[in-house]
């Protein structure tokens, strides 16, 4: 990280400060209104667990750029790898004159993703782009069209992935019509399911909907986030994912795990599917794959990945050499620094503290997550009625006090925490202290 970046929360102005206000005015005049921001501050340095703004304020980072900077915003191996690559060349296009970095990333993904079967990988730029290509691959393999997704799902902002995404506002409202042949099944949502609905029962419920409304003979793929992201960090009950995977295998349906947000050590496993030993046919990765550079991938069974005709997959920037260098350095950092285990340590610290908060505050309806992917769902006291306004107030208070916190959820009532795995326990504990105070202020 930058040598000048002290690892402490430090506020020298009100939030936002004068320089950030000036830049926000320029942003409003120059940038399309549809591009929103969570924090009204402009970053100049970031690393470890700190983001520093143009006014000299230092914030504790519990967002990681939405799960992107898992190894930190300026991890030394990533910085050096990108520096070396940019001096060699920035681009040639892998489809024109290929380069070793792309092949090396594909080899690493084939080695690291769940399952020991023969695999192939293809590289793209964003999570949504990779999801779309996974659907293309599944349709080419099965020669079927239908795709099943789940309640509360988020898969992206392109036309096809908007159709797959559940939440209308702000992601879909006014942007239709959407791609056809997308069907939605009920998810396992332990906090909101009836008490007798375990993972197996929830899977049977979903499969019944799929068989009645779609039919396996028409179905190319089932696509699911092993832990939902934007939908609210919903962790399905144990047994749900394995049952779906087994049903797909029995009916020659491609089972696609969207691990855009959960992949690369985030959940205390290298991939969230590893938690229950689920081996997807295709796995989609992005966000944490390359330490902040734009890269995504589809990795899967060799026969499925090879179903597309030559040149049916690709893209001008897909697998850019700078991003590939960053990805290899990110993977090296995860392995060398034991960051899978570190995510588990972060999760235990956070869950212990948040469970104590829940015991003292009946507005915290649920605490959930795995590893460094943790959330609290906020409700009206004594009920399960979502309280989006409380989530907004707590997040805003944390922002003013120097802690970056994100919200999510279909109902807008979930606070989500995605700290970089480079954060210290001291910073994490301080951020949770700030969060506790934010709840107290919301009570007042």
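The values are calculated or read from the model by the stated rules, or taken from the named source; none is laboratory data. Treat the numbers as computed from the prediction; the structure is a model and nothing was measured. Quick reminder, even Gly has a Cβ in these numbers, built from the backbone with ideal geometry, and neighbours come from all protein chains shown.
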Filtered residue count, the range 82-97, keeping only those that are over 26 Å from residue 259 (Cβ atoms) and surrounded by 13 or more Cβ atoms within 10 Å (Cβ to Cβ): 1
Count - residues of the range 280-306 that are assigned to a loop (DSSP other than H, G, I, E, B), more than 15 Å from the chain's Cα centre (by Cα) and surrounded by 18 or more Cβ atoms within 10 Å (Cβ to Cβ): 2
The lone exception for residue 242 - which of (1) over 22 Å from residue 183 (Cα atoms); (2) more than 19 Å from the chain's Cα centre (by Cα) it fails: (1)
The listed residue being surrounded by 24 or more Cβ atoms within 10 Å (Cβ to Cβ) and touching a helix residue (DSSP H, G or I) at 6+ places or on another chain (Cβ under 9 Å), out of 372, 343, 336: 372
Matching residues, the range 177-216, being in a loop (DSSP other than H, G, I, E, B), farther than 30 Å from residue 379 by Cβ and out of contact with any helix residue (DSSP H, G or I) (no Cβ under 6 Å at 6 or more places or on another chain): 177, 180, 181, 214, 215
Residue match in the range 231-239 (condition: in a helix (DSSP H, G or I) and buried (at least 18 other Cβ atoms within 10 Å of the Cβ)): no
Members of the range 244-268 found to be closer than 22 Å to residue 120 by Cβ, in contact with a helix residue (DSSP H, G or I) (Cβ under 7 Å, 6 or more places away or on another chain) and not in a loop (DSSP other than H, G, I, E, B), listed by number: 254, 255, 256, 257, 258
In the range 30-81, the residues that are free of Cβ contacts under 8 Å to residues at least 24 places away in the same chain, assigned to a helix (DSSP H, G or I) and either buried (at least 24 other Cβ atoms within 10 Å of the Cβ) or in contact with a strand residue (DSSP E or B) (Cβ under 6 Å, 6 or more places away or on another chain) (or both): none
Residue that is closer than 26 Å to residue 168 by Cβ, part of a helix (DSSP H, G or I), under 24 Å from the mean Cα position of the chain (by Cα) and modelled with pLDDT of 95 or more, where the choices are 390, 428, 432: 390
Criterion: touching a strand residue (DSSP E or B) at 6+ places or on another chain (Cβ under 6 Å), outside any strand (DSSP E or B), in the same structural domain as residue 357 (by TED's automatic domain parsing) and closer than 21 Å to residue 372 by Cα - qualifying residue of 422, 395: 395
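Quick grid of which residues meet (1) assigned to a helix (DSSP H, G or I); (2) closer than 30 Å to residue 415 by Cβ; (3) in the same structural domain as residue 129 (by TED's automatic domain parsing):
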site: 270; (1), (2), (3): no, yes, yes
site: 278; (1), (2), (3): no, yes, yes
site: 311; (1), (2), (3): no, no, yes
site: 323; (1), (2), (3): yes, no, yes
Those residues of the range 164-178 which are surrounded by fewer than 20 Cβ atoms within 10 Å (Cβ to Cβ) and closer than 21 Å to residue 212 by Cα, in sequence order: 166
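Conditions (1) closer than 19 Å to residue 409 by Cα; (2) touching a residue at least 12 places away in the same chain (Cβ under 8 Å); (3) in contact with a strand residue (DSSP E or B) (Cβ under 9 Å, 6 or more places away or on another chain), marked per residue:
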| position | (1), (2), (3) |
| --- | --- |
| 129 | no, yes, yes |
| 168 | yes, no, no |
| 199 | no, yes, no |
| 229 | yes, yes, yes |
| 232 | yes, yes, yes |
